[in-house]
Amino acid sequence: MSLLREAERCIAKQKSQVALNAFITTLRPSGQWLERVRDAEIRREKGKPRSKVDGRLIAIKDNICTRNLPTTCASGILQQFSSPSNATVVEQLESAGAVVAGKTNLDEFGMGSYSTHSHFGSVGVLHNGDILSAGGSSGGSAAAVATDQCYAALGTDTGGSVRLPAAYTGTVGFKPSYGLISRWGVVAYANSLDTVGILGKSTTSVRDIFSILNKYDPRDPTSLSPSSRSRIASHLEAPSLSSRMNTVPLKIGVPLEYNISELAPSIRLAWSRSLSYMQQQGHSIRPVSLPATKLALSAYYVLAPAEASSNLAKYDGVRYGTRFEEPDYHLEQDGYLYANTRGGGLGPEVKRRILLGTFSLSADAIDNYFIQAQRIRRLVQHDFNAIFNAAQPLTFCLPGVGIEPKNNGVDILICPTAPSSPPRISDLMCSDTVVSPLDAYMNDVFTVPASLAGLPSVSVPVTIASDCQASEDADSAGIQIIGQYGDDELVLKVGKCLEGRGF
């Protein structure tokens, strides 16, 4: 299919699938993007494309700044905001010839697990006549990819916000190692956790985009420096580690703590059969223990809201944000301005997390909550370092000191992405069956540990058909692959082995 026909098909899908609410801002049927696609088509015919995504339509989550399209973060407080510049990741994609396909819907400021906390309405996907949740917070990006409204999409992952939507929509969702992709121009939720992620139909398309974005950015203070990147590369080039990318059997770890009682039977079956398949391919399966995993979710929901309460303080109607004021407002009523703007512009979930974070940072609570959560985060990192064959390449200050691989460790972890299948949107919004915030937070139980440790992780879809189901009606489940820091290529390799498998 030509690039132009592919792009036109995506735009047609955006119009026909508008009820799913995947996009906040879409492209006009005619515009400059058409010329860019035609130029890419000419380069392709000449055999000189700029990249493997030259001329492809890539959707952008609406908390990533774009100069030509609004950036709302799905919030009423930013509904009139337009960025004066593009985020680094947008610049990189456009330089590679990609075309921004529009801005996708999300949970407000990235805070949610179901994409129901949006100022612009919930995101859904159609399955067997039901509208199911697309997951959160990057639900719009996942739904857009799943329904062919774009070639691929960018999202952000703080505690699972790319991987969970991927599991819910049957797509591939990749969270790279923290610091590899620039966050400059990404509206911050929790700086120490936020990672730009990629959603696509396959690990191949995800890898193509990752190769474009995986570069140092001097404008981002959390971007991994060239010397650190070189150090990771030389560490992975050691014969015992580089051989894993070829035909050498892998040691696959199965975290015992992930086998929770709340795990849905279909998800448990998908996990079991995925492990059996990998074993049939010659890889060995080993049980491992990550004791701090049981505390990871609690620590995350202390740390992330604490950082959010600080980051969102600037949305007060004076420095940033749409001002909400009454006609009889007077300038001396500063407190009224702040309260009215934040009260009217921010949604209930954002307010909840701001209050939670403000409390955990208060003088009376910081030692018992925030500091303890930071200690748990270190324990989570220690647990991962203890079980991986490859050592953490950034832990050691001197080259060659302490980075020898362990013979008794595992190369990769395989586990579920989400504990259950996607719920119906109607069930989430119904007052009789409303999901409590705590129940929603529990949805991140399998994705949060890798985020706390900054590790690469990908969710790939596998299908499970019961005896009474036809193969085309099989249930899809997300299986998550987690690797040591910097082992992004190995994570994607294992993901490619499993993606789309039917059991």
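The values are calculated or read from the model by the stated rules, or taken from the named source; none is laboratory data. This is a predicted model, so every value here is computed, not measured. All Cβ positions, glycine included, derive from the backbone under ideal geometry; neighbour counts span all protein chains shown. Surface areas here come from the heavy atoms of the whole protein model, side chains and all, with no ligands, DNA or RNA. Shrake-Rupley method; radii C 1.70, N 1.55, O 1.52, S 1.80 Å.
Worth a mention:
- The phi torsions of the stretch 20-26, fed into the Karplus equation with coefficients 6.51, -1.76 and 1.60 and a -60° offset, translate into couplings of 6, 6, 6, 10, 8, 10, 10 Hz, rounded to whole numbers, with Gly and Pro shown as x.
- Other residues lying with their Cβ under 10 Å from the Cβ of THR222 contribute a combined charge of -2, Lys and Arg counting +1, Asp and Glu -1.
- Of all lysines in the structure, those lying under 22 Å Cα to Cα from LYS496, and not within fewer than 8 positions of it along the same chain, are LYS52, LYS175, LYS201, LYS251.
- For a paramagnetic label modelled on THR222 (point 7 Å from Cα along Cα→Cβ), amide N atoms under 11 Å away belong, within the stretch 130-162, to 157-159.
- Within the chain: Cβ-based charge dipole about Cα centre, in debye rounded to nearest 20 (Lys, Arg +1; Asp, Glu -1): 1460 debye
- With all protein chains modelled, accessible area of SER261 [1.4 Å, Å²]: 110 Å²
- Charge dipole of the chain about the Cα centre (unit charges at C-beta), most positive-ward option of LEU394, VAL462, THR341: LEU394
- Lys, Arg +1 and Asp, Glu -1 on Cβ, resulting dipole of the stretch 1-74 about Cα centre, debye, nearest 20: 200 debye
- Low-density loop cleavage sites - trypsin sites (Lys or Arg not before Pro) in the stretch 156-258, where at most 13 other Cβ are within 10 Å (DSSP): ARG219
- Taking label positions 7 Å along the Cα-Cβ direction at both LYS15 and GLN79, the computed distance is 2.6 nm, reported to one decimal.
- Percent of C-alpha pairs per 20 Å bin, the chain, short to long: 24, 58, 18, 1
- Less than 5 angstrom separates the built amide H of GLY197 from those of GLY155, THR156, ASP157, all sequence-distant by 5 or more or on a different chain.
- Considering helices alone, the calculated mean residue ellipticity of the chain at 222 nm is -11000 deg cm²/dmol, with DSSP H runs of length four and up weighted by -39500 (n - 2.57) and normalised per residue.
- Among the protein heavy atoms of the chain, carbon and sulfur supply 54% of the accessible surface, probe 1.4 Å, non-protein parts ignored.
- The residues of the chain expose, per residue, 41 Å² of accessible area to a 1.4 Å probe.
- A 1.4 Å probe, protein heavy atoms only, puts the accessible area of MET442 near 80 Å².
- For the chain, share of DSSP beta bridges that run antiparallel, in % to the nearest 5: 65 percent
- Whole-Å distance, taken between Cα centres, linking the stretch 282-323 and the stretch 93-129: 20 Å
- Measuring r between the beta carbons of TYR277 and ARG424 and using R0 = 30 Å, the FRET efficiency lands at 0.50.
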